[in-house]
Amino acid sequence: MEKQAVLRMEHIMKIYSNGVVANEDVSLDLEEGEIHALLGENGAGKSTLMKVLFGIESPDEGKILLNGVETVIKSPQDAIAKGIGMVHQHFMLVSSLTVAENIILGVAPVKNLFLIDKKRAIQEAEAIAAKYNFNIDVTARVEEIPVGVKQKVEILKALYRGAKILILDEPTAVLTPQETNELFVQLEKLKENGHTVIFISHKLDEIKKICNRATIMRNGKSMGTYSVADMSTDDMSRLMVGRQVVLEFDKKPANRTETMLKVRDLIVHNSQGVQKIDHLSFDLKGGEILGIAGVEGNGQSELVEAITGLNKNYHGAVQIRGEDIRKKTIKEIRNMNLAHIPEDRMKSGCAGTLNILENMFSNQYDRKEFSGRLFLKSKKMQQKAQEWIKEYLVKCNSYKQNVGMLSGGNIQKVIVAREFSTGPDLIIANQPTRGIDVGASEFIRKRLLEFRDAGCAIILISADLNEVLSLSDRLAVMYKGRFASVFTEVEKVQEELLGQYMLGIKKDDRLEGAMYE
Amino acid sequence: MLNGIFSVEFVNSILRATTPILFATMASAVAAKAGICNMALEGMMLLSALFGVLFSAMGGGIFGTASGLSQFASFGFGFLLTVLVGGLIGLIFAFCILHMKADEILAAIALNLIASGGTVMILMAVAGEKGASSTIASVAAPKVVIPLIGSIPVLGEILSGQNLLTWLSILAVIVMHVFLYKTPMGLKIRAVGENKNAAESVGISARKIQYIALVISGMLASMGGFYLSGGYMNMFTREMAAGRGYIALAASSMGADTPVGGFLVSILFGIAQAVANLMQLTTIPMQLIQLIPYLTTLIGLGIYSYARMKRRKKLLSSE
């Protein structure tokens, strides 16, 4: 039985002003009531295609047909009016407002001519939540609700505005396995109600689980639309990257050396005074990777800030090679051969308006090799930058290109090149492969393993469970500022079990032996 | 001195000093809620103080000043025109920073400097004077005499006989509170100020909202400016805003940019100003006394920051 196409994008061509061909003759058709995966590496053109659909970018060629009628979508407002909703990867919510207020924002019901009808706003928000089986307290403030619920609010926002087509941009990136399952149940429900969902994801098994069809993109072109049931994840990844991605690594057994990092009784509060780390203790030896899994916001960022010296407002002790670092400046700590790949690459990882070379040297411009008494040794730096660009496979025109112009994966490679080129003994990698393409992720993971084999101590914090499971020698789960559990035999860990620890359903009490002596 | 503090006259003098700051604080609050620091308040007030004199004199020319009614009409004409121009100044400021993407602080400094020199220039052109508008026959805002209540001792003396604009400034607090927290537009303003992207994701044009907020901010600031030359004094003198725009920025910030919070802090600054006025009767050097309102601002901001820091520290140590 042929279902009706609610949306057709035909032969979309989009060339950005800097000459990048983001979409080349891409076509996409959506059937009513399907979950359609849009799959592709970073920079493959998925985002551009969705921006065209949502009215953020206008296509240079091609047309869009909504329910068979050719339409021009001028702006996001226009897209919303035409029944297209988008749930962005980074939530677009106002934290100090309630869930209901966020849902009705911009289309608030009014009483007495000019006052917001608060009661009706709550009723309407509750009604729409109930209709789609979203179990949500609409009077809660957004800043107080967990990530999974925030995402529900985003979906409700779109539905409240009458969205028939929902674009979900990597919706599971921040969710626990349990929350992901819950989301999938709700997506099924949306499907039953006749909504059509575009599901953007890197996670092949999720696509396999929930999507009906998948359109695969590579290098700005569509590699075709396939029925998911007829494809294996191997097929998908081959179409996506043009080669098989090795998710299994050849990992030698860990060869542990001396203790590099010692954390004892660490207590950290955030700027609002909320306790984020609660008596945390652990040791880390050279030659091992300590993976830290956990839902975001359970103290991971605070832990990194304490170890890297970004925050000194903590109780307890942090020692690197037996030396207490509390009194040391960030620079001094870094000079103890510490490398840090920060969680937010645009905010604290790089300076977007500076070029690749300048970013690569921001941590080592003052090394004797590169700096004279008064002036920098530009020749030497240029030579090194070119070397690193080659070594780390950074896709760019030259080292003079601004980092902000690169794709996410290439920005991350610039940062990794900078951090790894100093020859670290201790690497703090916080979400090193978040939101970057499979090729770049694989590259970074391999480098991490190489450093481990060379005797480097590594902390790997990641929301990608596959990543921590395949790389870690020890895997700790963080929940509410504590380690809920530690696994020493990482190969045997089930994702489900991990999820239970991540959500605080399970908790182990005695971790001394596994985490520290 | 003490006698002075416990007199009805002192309360009145507080209200007189609070009124212009209160208007400007509301102006700052609405801009801040939309995510803009409106440092141009100072210039907006100064310009409006001059326009108030000019427009109300113009009103006097049209309606005359013979009867109470014609005086009120002249005032009303001048006030409305001033507020309109205040909105226009807000619009121009908004155009500079939102459309032309000028830095909001630099644009504000430019506007304040234009106001500072421009008012003197206009005054010179219109009245041939450089210091004050004493030759211009402007019409001040009327006082509100409440018939029966006025005869009650103390309370009546305070409630009755206040300047119309003082009442209006208190009304502005209530209106701004309702506007920001109870109306759809207020919700949009707060959303834009806190998270522009979130607001835009639901189809709200952040730029439009900020335009609206700045026009309202300009109108409120102009009311404060009008009061300076048509209530607090009865003429325009050069630099008569005297830092009130900046004081209002501090007041608004200390009041967490809420109308009610700003109101309470404004009164504090009004008291400081009133004390300074009173102390002019003593032998303490004038220059020291004139320092009081500004010193209060500095100390106030200091205490505010200290309290916030302490609160954080206390939370940190309570494990």
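The values are calculated or read from the model by the stated rules, or taken from the named source; none is laboratory data. Please read all numbers here as calculations on a predicted model, not as lab measurements. All Cβ positions, even for glycine, are placed from backbone atoms using ideal geometry, and neighbour counts span all protein chains on display.
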Tell me which residues, restricted to the stretch A:467-481, are of a type in the set (D, E, K, R) and modelled with pLDDT under 90. A:E467, A:K480
Would you check if there is a residue in the stretch B:83-98 being without any contact (Cβ under 8 Å) to a residue 60 or more places away in the chain, more than 22 Å from the chain's Cα centre (by Cα) and farther than 19 Å from B:E42 by Cα? no
Which number in (1) hydroxyl-bearing (S, T, Y); (2) in contact (Cβ under 8 Å) with a residue 24 or more places away in the chain; (3) within 30 Å of A:S47 (Cβ to Cβ) marks the one condition that A:T422 misses? (3)
Per the filter on the stretch B:199-236, residues of a type in the set (S, T, N, Q), more than 8 Å from chain A (Cβ to nearest Cβ) and in a helix (DSSP H, G or I) are B:Q210, B:S217, B:S222, B:S229
Suppose the filter is surrounded by fewer than 15 Cβ atoms within 10 Å (Cβ to Cβ), away from chain A (no Cβ under 14 Å) and touching a helix residue (DSSP H, G or I) at 6+ places or on another chain (Cβ under 7 Å); does B:V173 pass it? no
A:V99 at pLDDT 90 or above and within 14 Å of chain B (Cβ to nearest Cβ): yes
Could you look through the stretch B:51-82, keep only residues that are without any contact (Cβ under 8 Å) to a residue 60 or more places away in the chain and under 18 Å from the mean Cα position of the chain (by Cα), and pick out the one that is surrounded by the fewest Cβ atoms within 10 Å (Cβ to Cβ)? B:L80
With the stretch A:264-328 as the region, which strands (runs of 3 or more DSSP E) entirely inside it contain at least 3 residues that are within 14 Å of chain B (Cβ to nearest Cβ)? A:275-285, A:314-320
Can you tell me which residue within the stretch A:492-517, out of those that are acidic (D, E) and within 22 Å of A:R434 (Cα to Cα), is nearest to the chain's Cα centre (by Cα)? A:E495
Test: B:Y181 is of a type in the set (S, T, Y), surrounded by fewer than 24 Cβ atoms within 10 Å (Cβ to Cβ) and closer than 28 Å to B:V85 by Cβ: no
Per-region count, the stretch B:148-186, residues of a type outside the set (G, A, S), farther than 15 Å from B:I216 by Cα and in contact with a Ser or Thr (Cβ under 8 Å, 6 or more places away or on another chain): 4
Is it true that some residue in the stretch B:151-158 is surrounded by fewer than 20 Cβ atoms within 10 Å (Cβ to Cβ), on the phi < 0 side of the Ramachandran plot and touching a residue at least 60 places away in the same chain (Cβ under 8 Å)? yes
Determine if the stretch A:377-384 includes at least one residue that is closer than 22 Å to A:C456 by Cβ and either touching a Ser or Thr at 6+ places or on another chain (Cβ under 6 Å) or part of a helix (DSSP H, G or I) (or both). yes
Of the conditions (1) of a type in the set (K, R); (2) buried (at least 16 other Cβ atoms within 10 Å of the Cβ); (3) not assigned by TED's automatic domain parsing to the domain that holds A:T257, A:R452 fails just one. Which one is it? (3)
Between A:Q382, A:Q386, A:Q401, which is more than 18 Å from the chain's Cα centre (by Cα), of a type in the set (S, T, N, Q), farther than 25 Å from A:E41 by Cβ and surrounded by fewer than 21 Cβ atoms within 10 Å (Cβ to Cβ)? A:Q382
Across the stretch A:107-148, what is the number of residues that are at pLDDT 90 or above, within 14 Å of chain B (Cβ to nearest Cβ), within 20 Å of B:E194 (Cβ to Cβ) and surrounded by fewer than 16 Cβ atoms within 10 Å (Cβ to Cβ)? 1
Considering only residues that are in contact with a Cys (Cβ under 6 Å, 6 or more places away or on another chain) and not in a helix (DSSP H, G or I), which ones fall in the stretch B:94-119? B:A102
Selection from the stretch B:185-198 of residues at the interface with chain A (Cβ under 7 Å from one of its Cβ atoms) and over 25 Å from the mean Cα position of the chain (by Cα) yields B:N195, B:N197, B:A198
Being crowded, with 17+ Cβ neighbours inside 10 Å and in a helix (DSSP H, G or I) is the filter here, so list the residues in the stretch B:256-266 that pass it. B:P259, B:G261, B:G262, B:F263, B:V265, B:S266
Can you tell me which of (1) without any contact (Cβ under 8 Å) to a residue 60 or more places away in the chain; (2) in contact with a helix residue (DSSP H, G or I) (Cβ under 6 Å, 6 or more places away or on another chain); (3) of a type outside the set (G, A, S) is the one A:I461 doesn't meet? (1)
Do you know which of the residues in the stretch A:263-278 that are within 14 Å of A:S301 (Cα to Cα) and more than 25 Å from the chain's Cα centre (by Cα) is surrounded by the fewest Cβ atoms within 10 Å (Cβ to Cβ)? A:D278
Return the pair list, or none, for Cβ contacts closer than 9 Å from residues in the stretch B:176-194 that are over 17 Å from B:C37 (Cβ atoms) and touching a residue at least 12 places away in the same chain (Cβ under 8 Å) to residues that are among the acidic types (D, E) and buried (at least 18 other Cβ atoms within 10 Å of the Cβ), at least 6 apart or on different chains. B:A191/A:E101
Could you tell me whether A:K63 is surrounded by fewer than 18 Cβ atoms within 10 Å (Cβ to Cβ), assigned by TED's automatic domain parsing to the domain that holds A:K152 and either touching a residue at least 24 places away in the same chain (Cβ under 8 Å) or among the hydroxyl-bearing types (S, T, Y) (or both)? yes
Here are the criteria: (1) part of a helix (DSSP H, G or I); (2) touching a residue at least 40 places away in the same chain (Cβ under 8 Å); (3) surrounded by fewer than 19 Cβ atoms within 10 Å (Cβ to Cβ). Tell me which single one B:T166 does not satisfy. (3)
Of the conditions (1) within 30 Å of B:V178 (Cβ to Cβ); (2) surrounded by 18 or more Cβ atoms within 10 Å (Cβ to Cβ); (3) within 14 Å of chain B (Cβ to nearest Cβ), A:Q151 satisfies every one except a single condition; which number is it? (1)
Output the residue which, of all residues in the stretch A:66-91 that are surrounded by fewer than 22 Cβ atoms within 10 Å (Cβ to Cβ) and under 21 Å from the mean Cα position of the chain (by Cα), is farthest from the other protein chains (Cβ to nearest Cβ). A:Q89
From the list B:A191, B:A241, B:A274, which residue is crowded, with 24+ Cβ neighbours inside 10 Å and not in a helix (DSSP H, G or I)? B:A241
